[in-house]
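J.: This structure is in structure tokens; I'll ask about it shortly.
The values are calculated or read from the model by the stated rules, or taken from the named source; none is laboratory data. Note that the coordinates shown come from a computational prediction; the quantities given were computed from them, not determined experimentally. Here Cβ is always computed from backbone atoms with ideal geometry, including for glycine, and neighbour counts include all displayed protein chains.
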Amino acid sequence: MFDLPDSEILPLARKHTFWTWSAQAKVAPIPIQRAQGVYFWDTDDKRYLDFNAMTMCVNIGHGDERIINAIIEQARALPYAAPGMATKPRALLGKVLAEVTPPGLDKFLFTLGGADANENAVKLARGYTGKHKILTRYRSYHGASAGAMALTGDPRRWPWEPTLMPGVVHFLDPYRYRSTFHRTNPDISEEEFCQDYLNHLEEVILYEGPETIAAILMESVTGTNGIIIPPAGYLPGVRALCDKYGILMIADEVMSGFGRTGKWFAVDHWNVVPDLMTMAKGLTSAYAPLGAVAMKPHIAAAFDEVVYQGGLTYTAHPISLAAAIANIRAMQEDKVVEHAAAMGPVLHRLLAELGENHPSVGEVRNIGLFGIIELVKDRQTRQPLTPWNASSPEMNALRKFLLDQGLFLYTHWHTLLIIPPLIITEAQLAEGFAIIDQGLKITDQAAK
């Protein structure tokens, strides 16, 4: 299709591209040429096992012809329509999404991706309630646009302050392994642990004033900041606090949605229905860019006579909508969500075995195919292998080893995230873990 030798991809891309999330002089991208299933290949034909679903998004796996053909057919029939027009894929996707979203979330605002889905959810919440504050957690990531970055709790927002969206207040996560409240009583029961963090949230609500708070926005299961799985009563408890104080609950399911946790959406594990729910990534398995905000009908009805001031040129792009329909249908046909649920215990076993064999492994967690390995210098003190918001020579060496061995995954500070395509098999998981097992000998040298 393109008259460019593979050997020119990397030098030409480096010459003309300004790279995101990178110091420009240090960028070292993989020149990728093709992908299939759970693997991709670079221009030297080296094969990589994709343990990160590329950017935590290719849930269905690479190269699914059903989605590719849907994109081609839509491009031939109608490659673009203005955002204010009704199209066949727009009509059908709403129906298809309503089949898999929690009951009552059957009205959808389509966006370009996760960041603007979260921003639109905030706009809807503020418009509906007439209140302005949004509560989010410190260990959170909600997107890189100005509004979504303000919602983000982790240090990625620091460089852009104080020009970000105002009105955001952060609170603490129910993070059992590194609990702020339970350093001296780590054996507290899960019920007490959960209640302490709900009490903390309620205290923040009271200090900020419920009459000023439009919504509480949370990743149902925290993503890049630690795969923090909430205790059993936490999300129902947050739902109850929102109801008690007249606050909307927004669930960010951008990363945890579409089968990642072994359910269509992570909130399904706790039978919680938020007022608004954001999604992207697995919505199309990243075959085309698309996000969405699902909302309860009464929130949508608040704008029946009031203009909703929002939208972009590519809102509800027909090609992206067609990709989403084909992706969801393919996931249903292949029972991908059920497969992810079945692979959850397999991933748990593999993670546990690593923990037993390597002193640098402090904690492992997973829910479905959403897993993490926390690396430490000392298991007793739980000192991370890297300082907060930094790396270390050991982590850099581990990352290089894994890539050299053909394993692609995401490292974040002192953690390894395990987020493969949901079609991965037990044998393919074992293939990746055999490489990790070898690589952890590097970090074991730094552990007590």
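J.: When the range 411-431 is examined, which residues are found to be β-branched (Val, Ile, Thr) and over 16 Å from the mean Cα position of the chain (by Cα)?
T.: Applying the first criterion (β-branched (Val, Ile, Thr)) to the range 411-431 yields 411, 415, 418-419, 423-425.
Across the range 411-431, the qualifying residues are Ile423, Ile424, Thr425.
J.: When Leu49 is evaluated against the numbered criteria (1) of a type in the set (A, V, I, L, M); (2) more than 21 Å from the chain's Cα centre (by Cα); (3) outside any helix (DSSP H, G or I); (4) over 28 Å from Ala146 (Cα atoms), which criterion, by number, is the only one it fails?
T.: Single failed check for Leu49: (2).
J.: Can you give me the ranges of the helices (runs of 4 or more DSSP H) entirely in the range 80-154 with at least 3 residues that are in contact with a strand residue (DSSP E or B) (Cβ under 7 Å, 6 or more places away or on another chain)? Spell out the reasoning first.
T.: Numbers: elements: 88-100, 114-129, 146-151.
Once the helices (runs of 4 or more DSSP H) in the range 80-154 are filtered for at least 3 residues that are in contact with a strand residue (DSSP E or B) (Cβ under 7 Å, 6 or more places away or on another chain), what remains is 114-129.
J.: Another one. Among the residues of the range 260-271, what is the count of those that are assigned to a loop (DSSP other than H, G, I, E, B), out of contact with any Phe, Trp or Tyr (no Cβ under 9 Å at 6 or more places or on another chain) and in contact (Cβ under 8 Å) with a residue 40 or more places away in the chain?
T.: Residues of the range 260-271 assigned to a loop (DSSP other than H, G, I, E, B): 260-265, 271.
Retained after the next criterion (residues that are out of contact with any Phe, Trp or Tyr (no Cβ under 9 Å at 6 or more places or on another chain)): 263, 271.
Still in the list and also in contact (Cβ under 8 Å) with a residue 40 or more places away in the chain: 263.
So the count comes out to 1.
J.: Something else now. For the range 222-257, name all the residues that are among the aliphatic types (A, V, I, L, M) and in a loop (DSSP other than H, G, I, E, B). If you could, list the steps in order and put the result at the bottom.
T.: Step one: list which residues in the range 222-257 are among the aliphatic types (A, V, I, L, M), which gives 227-229, 232, 235, 238, 240-241, 247-251, 254-255.
Once the filter is applied, which keeps residues that are among the aliphatic types (A, V, I, L, M) and in a loop (DSSP other than H, G, I, E, B), the range 222-257 yields Ile227, Ile228, Ile229, Ala232, Ile247, Val254, Met255.
J.: Restricting the range 38-49 to residues that are touching a residue at least 40 places away in the same chain (Cβ under 8 Å) and surrounded by fewer than 16 Cβ atoms within 10 Å (Cβ to Cβ), which is farthest from Pro420 (Cα to Cα)?
T.: Taking the range 38-49 as the starting set, the residues that turn out to be touching a residue at least 40 places away in the same chain (Cβ under 8 Å) are 38, 40, 46-49.
So of that shortlist, the ones also surrounded by fewer than 16 Cβ atoms within 10 Å (Cβ to Cβ) come out as 46-47.
Working: Lys46: 19, Arg47: 15 Å.
Among those residues, the one meeting the criterion is Lys46.
J.: Of the residues Glu190, Glu208, which is within 21 Å of Leu235 (Cβ to Cβ), surrounded by fewer than 16 Cβ atoms within 10 Å (Cβ to Cβ) and either touching a residue at least 60 places away in the same chain (Cβ under 8 Å) or among the hydroxyl-bearing types (Ser, Thr, Tyr) (or both)? Steps first, answer last, please.
T.: Working: Glu190 fails: either touching a residue at least 60 places away in the same chain (Cβ under 8 Å) or among the hydroxyl-bearing types (Ser, Thr, Tyr) (or both).
Result of the check over Glu190, Glu208: Glu208.
J.: Does at least one position in the range 230-250 carry a residue that is of a type outside the set (Lys, Arg) and within 11 Å of the chain's Cα centre (by Cα)? Can you show your working first?
T.: So the first thing to find is which residues in the range 230-250 are of a type outside the set (Lys, Arg), and the list is 230-238, 240-243, 245-250.
Pick out the ones that are also within 11 Å of the chain's Cα centre (by Cα) and you get none.
No: zero hits.
J.: Among the candidates Asn118, Asn185, Asn199, single out the residue that is among the polar types (S, T, N, Q) and at pLDDT below 95.
T.: On the way: Asn118 fails: at pLDDT below 95; Asn199 fails: at pLDDT below 95.
Only one candidate qualifies: Asn185.
J.: Does the range 178-189 contain any residue that is closer than 23 Å to Asn271 by Cβ and either among the aromatic types (Phe, Trp, Tyr) or touching a helix residue (DSSP H, G or I) at 6+ places or on another chain (Cβ under 8 Å) (or both)? Outline the logic, then answer.
T.: Restricting attention to the range 178-189, the residues satisfying the condition of being closer than 23 Å to Asn271 by Cβ are 189.
Then drop every residue that is not either among the aromatic types (Phe, Trp, Tyr) or touching a helix residue (DSSP H, G or I) at 6+ places or on another chain (Cβ under 8 Å) (or both), which leaves none.
No, there is no match, as no residue in the range 178-189 is closer than 23 Å to Asn271 by Cβ and either among the aromatic types (Phe, Trp, Tyr) or touching a helix residue (DSSP H, G or I) at 6+ places or on another chain (Cβ under 8 Å) (or both).
J.: While we're looking at this one, here's another question. Considering (1) assigned to a loop (DSSP other than H, G, I, E, B); (2) modelled with pLDDT of 95 or more; (3) more than 25 Å from Asp334 (Cα to Cα), say which one Asp3 fails and leave the rest.
T.: (2) is the only condition that Asp3 fails.
Per-residue answers, yes or no, for (1) exposed (fewer than 15 other Cβ atoms within 10 Å of the Cβ); (2) touching a residue at least 24 places away in the same chain (Cβ under 8 Å); (3) not assigned by TED's automatic domain parsing to the domain that holds Val254:
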position: Gly355; (1), (2), (3): no, no, yes
position: Gly362; (1), (2), (3): no, yes, yes
position: Asn366; (1), (2), (3): no, yes, yes
position: Leu369; (1), (2), (3): no, yes, yes
position: Leu375; (1), (2), (3): no, yes, yes
position: Ser391; (1), (2), (3): no, no, yes
position: Lys400; (1), (2), (3): yes, no, yes
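J.: Pick from the range 290-314 the residues that are surrounded by 20 or more Cβ atoms within 10 Å (Cβ to Cβ) and β-branched (Val, Ile, Thr): which of them is nearest to the chain's Cα centre (by Cα)?
T.: The extreme case among them is Val293.
J.: Which one of these is assigned by TED's automatic domain parsing to the domain that holds Phe408, of a type in the set (Val, Ile, Thr) and within 23 Å of Asp268 (Cα to Cα): Val122, Val96, Val100, Val58?
T.: Working: Val122 fails: assigned by TED's automatic domain parsing to the domain that holds Phe408; Val96 fails: assigned by TED's automatic domain parsing to the domain that holds Phe408; Val100 fails: assigned by TED's automatic domain parsing to the domain that holds Phe408.
Result: Val58 is the single residue among Val122, Val96, Val100, Val58 that is assigned by TED's automatic domain parsing to the domain that holds Phe408, of a type in the set (Val, Ile, Thr) and within 23 Å of Asp268 (Cα to Cα).
J.: Looking at the range 415-448 only, could you name the residues that are surrounded by 21 or more Cβ atoms within 10 Å (Cβ to Cβ), farther than 29 Å from Ser285 by Cβ and of a type outside the set (Val, Ile, Thr)?
T.: Leu440
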